[in-house]
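The values are calculated or read from the model by the stated rules, or taken from the named source; none is laboratory data. Not measured: the values here are computed from a predicted model. Backbone-built Cβ (ideal geometry, glycine too); neighbour counts: all protein chains shown. Note: areas computed on protein heavy atoms with side chains; ligands, DNA, RNA excluded. Shrake-Rupley method; radii C 1.70, N 1.55, O 1.52, S 1.80 Å.
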Amino acid sequence: MEILEQIPFVRKNRIGRRLIILIIAFSTAITLLITIAELIFEYRSLRSDLDRQLDSVSIYVPNISGSVWDFDERQVRLALDALTQLPNIEQASITAQANQTRWESGKPVSRNTVVRAYALRHMARGKDVEIGRLEVVAGLNGIYQQVITRAISILVSNGLKTFLVAVFMVFLFRHLVTNRLAKLATKVGNLTQAKLPMPQTHAITLPRAPEHLDELATVEWTLEHTANNLAVAEAAMVGLNLELEQRVAEQDALLQNALVGISMVRERKIVTCNRRFEEIFGYEAGELVGRPTSEFYQDGNEFISVGQAAYSKFSEGQSFSRTLKLLRRDGSPVWAEVAGRVVDAKKPQDGSIWVFTDVTERKEAEQKIDFIAYHDALTALPNWQLAQDRFQQAVAYAERTDVKMAVLCLDLDNFKTVNDSLGHAVGDALIKQVATRLMECVRDTDTVSRQGGDEFIIVLPNLPDAEATAPILLKLMERLREPYDIDGHELTTSVSVGVAIFPDDGVDSDTLRKKADMAMYKAKSAGRNAYHYFDEQMNIDAVEQLRIRNGLRRALDRQELVLHYQPQIDLRTGAVDGAEALIRWKHPELGMISPARFIPIAEESGLIVPIGQWVLREACRQAAVWHTTAGAKISVAVNLSALQFKRDDLEQSVIDALQESGIDPALLELELTESILISDTQSVLATVKRLKALGVQLSIDDFGTGYSSLSYLKRFEVDRLKIDQSFVRDLATDREDAAIVHAIIQMASSLGLTTIAEGVEDAAALARLRDYGCHMAQGYFFARPMPADELVAFLARPKIVFD
């Protein structure tokens, strides 16, 4: 230690002195361990060399054995001398067993030796016999000397290295650690009251550190005394900290409870944000920190565009705001009003503050309002207002390019029957499926619009000529005829289509729509399931239809309506069993109008209810007249419409008609359609039961053409089934019609119901009906519908005789 203190830079470096001693002690111990390990390896290596050298002596044994056998003393001594010349071999001797002769060369000089013996053998008379032994003595002094020399070299070399490293470490430690510790101690000791927020009543006093302390101890001593002064300063700062924490807590509460999302962004990555910002985008607390803002954008180009616009504003010292459609964490869209401003306008790179207001509900409401304003609520198809806008675009293109366009008016056939029989829910489902199929059949540039109910408008732009609509029309009609599966009901329907062409039929949307509508009604009147192009005759027909509608309102008051009666023949007796009342209109200008022309108009306008009541009273009155004047007690059949059944006064109307006429209720037959029986089943069932209780007869008209199952036959307790004339007309020639009629008659017979066939026009059909066991029939083969007085004369004729 005293020697080290004589070195100048060590004397001023107390920690350095300790470091030298520790380094020398530790290095010495390590050096000794390393030296011992190296010497052990060195010794083992030398001994291995010696062993290999002794093993190599065996190559001389054969020659020596021959010399001993020949008793060639000269060669034996030369061999021994050669062995003693080998390194570390101090003595070699041979002992012959036959005469106990011994030869030696050399003398052992080492205290520690290694002796190795070798057997001398020779082949004599075919036998291998031992003739003597060779002994070699190797000394270990040379090995020990090499190990000692190596040890001295290692110790001297490592000792010098250790000393030099220790001196260098002391020098390095002084400049890197000790000097800095001294400066730190000085700085800590120089803390004054002016540099600490100390109360004026407390003065800082820091005494000088003792001389015997080293640099690190001096720092420790200084810090300990300074800590006491800092404790006083800490107490003085508690009040300030509490006030500061209160302000920070208030600001954090305002930030976290804000109704808008707030975030700080640096280099387009989120540095921090409030909880509302995380809620807007669907993240857990803390998940957004460090994430790039590009994750909120679906389109990378939009991300770049918004960034360029924002930082352009920032560079001008302005704020940026825009309404953006962004993405939540789950990929769902969120609309946000975004406003951003840099933290420091002079240093925009320090970051920016962004405020996000979630306006998704408002945007969705606006979009929904816009959608509702221009689309149908049920099918989501464009309404007429949007279709008109598409129409105007198509017209502008047609005028510019000299092409044509078409407006198609479509209406489902017999859709009212579906609504009345299966309910509006099924009807709505059918409309939606029809809308889907229509969209499948048109081009992307075409517009399919629903106008309400079962009516659709299609605008077909960019057509080379009117004939180009034909393939589309055929595709539409074929696709819409395919069966629909709705709530377990397999429905089939067809469509009637009217077509108007621009500019041939008109140049504005209202005109073309009106004319397409006329063409559609022309298709319906032609038997439905067809399409029709507009022509001028339709204008004439439309005027006539309006004339019929207006005239029908006055027909009852003017007594222009009359009843004709078609006889119903008993196919077993040939007698007239009853008559069906069929309405006719004797128009003062148009003459006799068929019910096929005015009944649909009456149904549509609601006039069918008062007309139906008149028919019911008039038919009952006429039945009473036949009974009293002609003595003919025959039943009269009256058709009821679905609209009559929906009125609560139907039962009372029947009672009034029976009471006014005084006829037996059994002589009144009410004909119901299948659609009546399966619409609002419970209400209809109650009404039918009450009518049945009055004693009237009930029959199902046009049986086999409805949508329903046959379960109602048992539930409603009807008396007759009227086989529709569409099955009877070709009965004798159409095998399918014959099979259907035969099946209906057999089923009715098994249920105890009477069957009556409509539309019998030839003897062949009559013969088939009688063969199948049909009970009654009516049709032109027997008689056409006739006035009431002519029916009296018909009743006076002889009964029909069947072969």
note = Descending accessible area (1.4 Å probe), largest on the left, turns MET747, MET439 into MET439, MET747
query = Label-point separation (nm) for PHE26 and ASP504, each offset 7 Å from Cα along Cα-to-Cβ?
reply = 10.7 nm
query = When the Karplus curve 6.51 cos²θ - 1.76 cosθ + 1.60 is applied with θ = phi - 60°, which whole-Hz ³J(HN,Hα) does each residue of the range 360-373 get, with x for Gly and Pro?
reply = 4, 4, 5, 5, 4, 5, 4, 5, 5, 4, 4, 5, 4, 5
ask   = Quick one: which of 785-791, 769-775, 124-130 comes out on top by average Cβ neighbours within 10 Å, and what's the full order, highest first?
value = 769-775, 785-791, 124-130
ask   = Once both labels are modelled 7 Å past Cα along the beta-carbon direction, what's the ARG553-GLN682 spacing in nm?
value = 3.9 nm
request  = Give the dimensionless ratio obtained when the Cα radius of gyration of the range 278-396 is divided by 2.2 N^0.38 Å.
outcome  = 1.43
For GLN91, residues with placed amide H under 5 Å, excluding near neighbours = VAL137
inquiry  = Residue by residue through the range 20-37, what is 3J(HN,Hα) from phi via Karplus (6.51 cos²θ - 1.76 cosθ + 1.60, θ = phi - 60°)? Round to whole Hz and write x for glycine and proline.
reply    = 4, 4, 5, 5, 5, 5, 5, 5, 4, 5, 5, 4, 4, 5, 5, 4, 4, 5
key: Whole-Hz couplings from phi, Karplus 6.51/-1.76/1.60, listed for the range 512-528; x for Gly and Pro   = 5, 5, 4, 6, 5, 5, 4, 5, 5, 5, 5, 5, 5, 5, 7, x, 6
Approximate shape of the range 329-421 as ellipsoid semi-axes (Cα gyration tensor, √5λ), whole Å, largest first = 48, 24, 9
message = Using a 1.4 Å probe on the protein heavy atoms only, what accessible surface does THR417 show? Give it in Å² to the nearest 10.
response = 40 Å²
message = Let me check something: with ligands and nucleic acids excluded, how do THR95, THR755 order by accessible area (1.4 Å probe), largest to smallest?
response = THR95, THR755
note = Sorted list, accessible surface of protein heavy atoms, 1.4 Å probe, largest first, for TYR565, TYR118, TYR43, TYR521 is TYR521, TYR43, TYR118, TYR565
